[in-house]
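I have placed the structure first, in the form of structure tokens, so that the comments after it can refer back to it.
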Amino acid sequence: MFPYVKQSLMVVLTVALFSGHINVVASLTRPEDEIVLAEGTAIKVVTAEEITSKAAKPNDPVKFTVAEDLVINGQVVVRKDTPALGSVITAQKGGYMGNSGKLAIQVESTTTIDGQPLKLRAAKGGEGDDKTTSTFALASVISPLFLFRKGGEAKIEAGTAVTVYAGEEKRFRVDGSTLVPVVFEPRTVSSEPATVFIYRPKKWVGRGLEPSVFVDKTELARMDNGRFFALKLKPGKHIIHMTDDEKGYAIEMGPGETYFFRIGLEAGVWKGQGKITLDDRERALKEIKKLKFIGKDKIKATEIVVELTPPN
């Protein structure tokens, strides 16, 4: 079920001197002697607490526990009831003018039986996967729990089951009754930046308002009507948000991934506050291609904001 990772046979040479002679003893460590927790291995977890869109904020911690032992070749690698950690991606209160509550969470890490941290993610991943993130992908790839409740608050009950996947490989050998980590050369992780497009469709209503857009509390630009801009961000967690940092998304952005955010105005609000939505690629590209790059006088973070041609 879990394929062994190919590697060449390792030979450890021990040299000893006896009566002026050199004896060489070869100790063989074979691949089949290793327990391999492969990247992409499924792990079941459950939420350890109730989360609601009314109380949660982006990047709030969320607690999970491992739902069952992860057993590989007869050895428990991750034990049942081990704590797992995650966070809120976005939380938007419901009820105002019939708006739905929105809530998305992600599972990020747990620990193996020997105490090593283990990265988790919501999809198996792999080379060649589509790296464009949209509203649909957020529901099915970034976060297995993205809930909407019409006219009310979204809520995730304690004990909600989620299947996530190992985000890295771990190897072990059996030493008596314990597992001992095996040091190996991990695959090279890409440092390609994530790309973020932020756009505001051209609308007559509120056209004179210019809400500010931020990344990680740094103001990027005053978002004027009918414009777009782009960012290149180092892989890792970033919060894309409006003036109020509770209105936004805290997303673990992977190398080479692309995200699209649409800026609008809250219904009934005339104070310049905007709303931000993680958008679908197809719709976003159709809109962006109608727009002009944001005016240079509107840019606040010239070292971050870049002008990019939208992908096809």
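The values are calculated or read from the model by the stated rules, or taken from the named source; none is laboratory data. Just so it is clear, the structure is predicted and the values come from calculations on it, not from any experiment. Reconstructed Cβ throughout: ideal geometry from the backbone, glycine too, with neighbour counts over all protein chains shown.
Worth pointing out:
- Scanning segment 247-271 for residues that are surrounded by fewer than 17 Cβ atoms within 10 Å (Cβ to Cβ) and modelled with pLDDT under 85 yields Ala267, Gly268, Val269, Trp270, Lys271.
- Residues satisfying the stated conditions in segment 204-246, i.e. free of Cβ contacts under 8 Å to residues at least 40 places away in the same chain, at negative phi and of a type in the set (Lys, Arg): Arg207
- A residue that is modelled with pLDDT of 90 or more and over 20 Å from Val107 (Cβ atoms) cannot be found anywhere in segment 20-32.
- Cβ pairs under 9 Å, 6+ apart, first in segment 286-312 and under 15 Å from Gly226 (Cα atoms), second among the polar types (S, T, N, Q): Lys296/Thr302
- Evaluation of Thr309 against the conditions (1) surrounded by 15 or more Cβ atoms within 10 Å (Cβ to Cβ); (2) assigned to a loop (DSSP other than H, G, I, E, B) shows that the sole unmet condition is (1).
- Subset of segment 66-85 (residues that are out of contact with any Leu (no Cβ under 8 Å at 6 or more places or on another chain) and within 30 Å of Thr277 (Cα to Cα)): Leu85
- Enumeration of residues in segment 67-126 that are of a type in the set (D, E, K, R), at pLDDT 90 or above and on the phi < 0 side of the Ramachandran plot: Glu68, Asp69, Arg79, Lys80, Glu108, Asp114, Lys119
- Filtered residues of segment 142-168 (kept if in contact with a strand residue (DSSP E or B) (Cβ under 8 Å, 6 or more places away or on another chain), modelled with pLDDT under 60 and assigned to a loop (DSSP other than H, G, I, E, B)): Ser143, Pro144
- Identity of the residue in segment 203-223, of a type in the set (D, E, K, R) and in a loop (DSSP other than H, G, I, E, B), that ends up nearest to the chain's Cα centre (by Cα): Asp216
- Residue list for segment 169-201, filter: of a type in the set (Val, Ile, Thr) and either crowded, with 17+ Cβ neighbours inside 10 Å or in a loop (DSSP other than H, G, I, E, B) (or both): Val182, Val183, Thr188, Val189, Thr195, Val196, Ile198
- Verdict on Asp114 being surrounded by fewer than 20 Cβ atoms within 10 Å (Cβ to Cβ), under 18 Å from the mean Cα position of the chain (by Cα) and among the charged types (D, E, K, R): no
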